[in-house]
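Notes follow the structure.
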Amino acid sequence: RSAELLARQAVRESNARTYPRRLPIAVADAYGSFLRDLDGNTFIDFLTGAGVLSLGHNHPELVRAVTAQLARLTHGLDFPTPAKDAFTEAQLSMLPEPLRDRMKLHFCGPTGGDAVDAAVKLCKIATGRGDVIAFQGGFHGSSHAAMAVSGLVRQKAPVANGMPGVHFFPYSSCARCPLDLAPDTCSTNCATYLERALKDANGGIALPAAVIMEIVQGEGGVVPAREDFVRRVRDLTRELDIPLIVDEVQTGGGRTGTWFAFERYGIEPDVVVASKALSGIGLPVAVILYDRRLDVWEPGAHIGTFRGNQLAFAAGAEAVRIIRRDDVLGNVRRRGEQIAGRLAPLAEKNPWVRETRGLGLMWGVELADPRDGRPATEAARRVQAAALRRGLVMEVGGRDDCVMRILPPLNVTADVVDTACSILADAIEECCL
Ligand code: PMP
């Protein structure tokens, strides 16, 4: 029955569809960390709606909160409502102390990309400057501005005409150092390079409207930034009065073990973009949180019909309550350590495993061909298919599509993590010979 629906989809839907091409299942229902297809097969879901389902599928308390809200009010534009007020309060309460009183929220259209657009627009208006600095390998969304600041060379090429101006700089990835420097000889040369370009009055680049960065590049292949790199970018942007936008669309909402990943790096951004996990149950909501002194919007400067999804607000406020009550962030850290421990031997055992890396419950296993060191794109595809056959849904990411991505619900249990890691290890063993 899955095959039948997949075939109908191929005829009726756009060619741009992605997930079902590599994960050929039609989903009937889901619960917690599990999905079931139309043929009754159950899978562990370590894709979790691309990182949105922080409390898993259909969390009963979230379902209750959403159902109660459904009977009251579903859509509220940008009028104040009790559900929105509770959501706003919950979001601000999760910010670290100094930012809690300093930041405001702007509700954006329903997706992360729209919130990225809003962040870029806000910084352009606030600074009166034009271009943005972004990092190689970053991903920020599919709308025009969000795509412009993403490092998606291939997807951007046919639509690059007229895109906002962006300067790309190397990201803090020692595994992919553009200068091929060994990690132990490097003292954040990428930050030095950025600093020199910005401070070189004769031949550098003009001050930008903003610097936008992910703390852990997600779609770029699960690349956590070095702490010293992030700190130096923060110091530099502060020194030069450039707003720093941290894109926490994927890392935000607890994914890395703190509510936002920037907290682990000891920095304070000027603008935070958040979306995916905020409702906890996959209802669309996207916001930017920003320093009050940047609140230069004119009324109507960034609007959208779907800025008032009351169901998402009700779920999001309830999700924060549950995350606190159940110490879900503690679970993220413990399960993250469990995953780290299970993945480490893979690299020792199999020469195709180039690196395992991650933070909290966001992990990647990068595969490379041991014969020539090239990205093992085909092998990664085979591993994904083999894992699916064994009952594990996981995404492949990274610039060369060779990073197996582990993105469980944040309340996943130790047993499920254990089973999923065994499936991944078996799939790698089967496909990487
Ligand atoms: N920023 C980051 C870091 C993301 O990972 C994504 C989505 N993967 C986006 C922005 C775009 O979000 P959306 O797909 O909801 O527009």
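Coordinate-derived values only; no laboratory data. Because the structure is predicted, anything quoted here is derived from the model rather than measured. When we count neighbours, we look across all protein chains shown, and the Cβ atoms used for this are built from the backbone with ideal geometry, even at glycine.
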Which order results if L99, L92 are arranged by neighbouring Cβ count within 10 Å, fewest first?
L92, L99
Roughly how many debye, to the nearest 20, is the charge dipole of the chain about its Cα centre, given +1 on each Lys and Arg Cβ, -1 on each Asp and Glu Cβ, and no other charges?
500 debye
Residue-by-residue Karplus 3J(HN,Hα) for region 360-369, coefficients 6.51, -1.76, 1.60, Hz, glycine and proline x:
x, 10, 9, 10, x, 10, 8, 9, 9, 6
Less than 19 Å apart at the alpha-carbon level, and either on another chain or at least 8 residues along: which lysines does that give for K121?
K104
Length-normalised contact order of region 61-325, Cα under 8 Å, at least 6 apart, in percent, tallies to 31 percent
Which of the three applies to region 97-222, rounded, prolate or oblate, going by the alpha-carbon gyration tensor with a ≥ b ≥ c and a/c under 1.5 meaning rounded?
rounded
Which percent, nearest 5, of DSSP beta bridges in the chain are antiparallel?
70 percent
Output wanted: per-residue J couplings in Hz (rounded whole) for region 27-34, from phi through Karplus 6.51 cos²θ - 1.76 cosθ + 1.60, θ = phi - 60°, x for Gly and Pro.
8, 8, 7, 7, 7, x, 8, 10
Which whole-number percent gives the relative contact order of region 34-156, counting Cα pairs below 8 Å spaced six or more residues apart?
12 percent
Most packed first (mean Cβ within 10 Å per residue), the peptides 71-78, 51-58, 147-154 order as 51-58, 147-154, 71-78
Listed with the fewest Cβ neighbours within 10 Å leading, M213, M404, M103 appear as M103, M213, M404
Please provide three numbers in whole Å: the alpha-carbon extents of region 40-181 along the principal axes, with the largest listed first.
54, 49, 35
For region 404-418, Karplus couplings with θ = phi - 60° (6.51, -1.76, 1.60), whole Hz, Gly/Pro x:
6, 9, 10, 9, x, x, 6, 9, 4, 8, 4, 4, 5, 4, 4
May I ask for the net charge around F107, where only other residues with Cβ less than 13 Å from the Cβ of F107 are counted and Lys, Arg are +1 while Asp, Glu are -1?
0
Between beta-carbons, use under 15 Å as the cut-off and find the net charge around A30, counting Lys and Arg +1, Asp and Glu -1.
-3
Kirkwood calc, the chain, C-alpha pairs only, radius in angstrom 22.3 Å
Would you mind ranking W259, W297 so that the residue whose beta carbon has the fewest other beta carbons within 10 Å leads the list?
W297, W259
List every residue whose amide H lies under 5 Å from the amide H of R354, counting only residues 5 or more places away in sequence or on a different chain, with H placed 1.01 Å from N in the peptide plane.
E366, L367, A368
